[in-house]
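Worksheet: the structure to be examined is printed underneath.
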Amino acid sequence: MKLYDFKVAPNPQRVNMFLAEKGVQIPTVEINTRERAQFSDSFKAVNPASQVPVLELDDGTCIAETMAICRYLEELHPEPVLFGSEAKEKALIEMWSRRAEFMGYLAAADMLRNSSPAFEDRGLPGVPGGVPQIAELVERGRNAMGRFFAHFDERLGAVRFVAGDSFSVADITTFVTIRFAARVEVEPPAACANLARWFGEVEARPSAAAV
Ligand SMILES: N[C@@H](CCC(=O)N[C@@H](CS)C(=O)NCC(=O)O)C(=O)O
């Protein structure tokens, strides 16, 4: 098994933090997307979508999509449980993971991809060109991030971790999203004390070194 990785990119970081929580190490192949390695013919044979991460199994099967990879790893290494143990817990983890992705991660990605000169003409991941940046998406992303911070701050006023009492994959996506947003200088407002309390706790976990 090997992981096509790029240590500084946020989706691979989610897998790396997940692996660190599990205490599992997998050989990696670094695909430097800043140098456009995702568009090479050899990598397109691994993932025609030209995106990392990808987990290649020993039988040659290639699993792309961060959450699909994490779910597969959870099956192989069930402890510690990161996708929940019973119906309600599993549903809440799914719910908060999706909110972290849709409310936060995608907004942060919109901001970066539509503002950084590195992504000029590459407004979408996995597309080598012809996707112009849209300035309005930066402002829309900033607004969405504000709602994401407020929503998660309120939630974390009621529970220790994003999905409840236990650390889960929803915390990983939320943590990576907040670190990712900081790259475009978007930080949680000082008033989000619950989010700050939670962030400090997650940042202190050894697995946070993967992000
Ligand atoms: N939906 C995919 C998204 C993967 C993705 O966007 N990966 C980025 C790195 S974080 C990438 O490969 N970008 C390639 C590019 O910028 O062309 C997932 O969840 O894994």
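Close Cβ contacts (under 8 Å, 6 or more residues apart or on different chains) running from residues in region 54-71 that are free of Cβ contacts under 8 Å to residues at least 24 places away in the same chain to residues that are surrounded by 13 or more Cβ atoms within 10 Å (Cβ to Cβ) and among the hydroxyl-bearing types (Ser, Thr, Tyr) comprise Ile63/Tyr72. The C-beta contact set for region 77-94 (first residue more than 14 Å from Val162 (Cα to Cα), second residue among the acidic types (Asp, Glu), distance under 7 angstrom, 6+ apart or interchain) comprises Pro80/Glu21. Residues in region 3-24 that are open to solvent by 20 Å² or more (accessible area, probe 1.4 Å), of a type in the set (D, E, K, R) and touching a strand residue (DSSP E or B) at 6+ places or on another chain (Cβ under 8 Å): Lys7 only. Residue pairs whose Cβ atoms lie under 9 Å apart, sitting 6 or more positions apart in sequence or on different chains, and linking a residue in region 116-131 that is over 20 Å from Lys44 (Cβ atoms) and of a type in the set (Asp, Glu) to a partner that is more than 10 Å from the ligand (Cβ to nearest atom) and open to solvent by 30 Å² or more (accessible area, probe 1.4 Å), are Glu120/Pro132; Glu120/Gln133. Among the residues of region 1-42, those that are of a type in the set (A, V, I, L, M, F, W, C), within 13 Å of the chain's Cα centre (by Cα) and not in a helix (DSSP H, G or I) comprise Phe6, Val8, Ala9. Filtering Glu101, Glu30, Glu35, Glu94 for residues that are away from the ligand (no atom under 14 Å from the Cβ) and not aromatic (Phe, Trp, Tyr) leaves a single hit, Glu94.
Just one of (1) in contact with a strand residue (DSSP E or B) (Cβ under 7 Å, 6 or more places away or on another chain); (2) in a helix (DSSP H, G or I); (3) open to solvent by 10 Å² or more (accessible area, probe 1.4 Å) fails for Asp171. It is (3).
Looking across region 134-162 at every residue that is open to solvent by 60 Å² or more (accessible area, probe 1.4 Å) and either touching a Phe, Trp or Tyr at 6+ places or on another chain (Cβ under 7 Å) or part of a helix (DSSP H, G or I) (or both), the one that is farthest from the ligand (Cβ to nearest atom) is identified as Glu154.
Among residues of region 49-66 being in contact with a helix residue (DSSP H, G or I) (Cβ under 7 Å, 6 or more places away or on another chain) and of a type outside the set (Val, Ile, Thr), the one that is farthest from the ligand (Cβ to nearest atom) is Glu56. Within region 67-82, if we keep just the residues that are assigned to a loop (DSSP other than H, G, I, E, B) and surrounded by fewer than 20 Cβ atoms within 10 Å (Cβ to Cβ), the residue that is farthest from the ligand (Cβ to nearest atom) turns out to be Glu79.
Cβ-Cβ contacts under 7 Å between residues 6 or more apart (or on different chains), taken from a first residue in region 180-193 that is assigned to a helix (DSSP H, G or I) to a second residue that is of a type outside the set (Ser, Thr, Tyr) and open to solvent by less than 20 Å² (accessible area, probe 1.4 Å), are listed as Phe180/Pro10; Phe180/Ala108; Ala181/Ala108; Ala181/Met145.
The values are calculated or read from the model by the stated rules, or taken from the named source; none is laboratory data. Source: prediction; values computed, not measured. Positions of Cβ are generated from backbone atoms using ideal geometry, with glycine treated the same way; all protein chains shown enter the neighbour counts. To get the accessible areas, we keep the full protein, side chains included, count just its heavy atoms, and leave off ligands, DNA and RNA. Shrake-Rupley method; radii C 1.70, N 1.55, O 1.52, S 1.80 Å.
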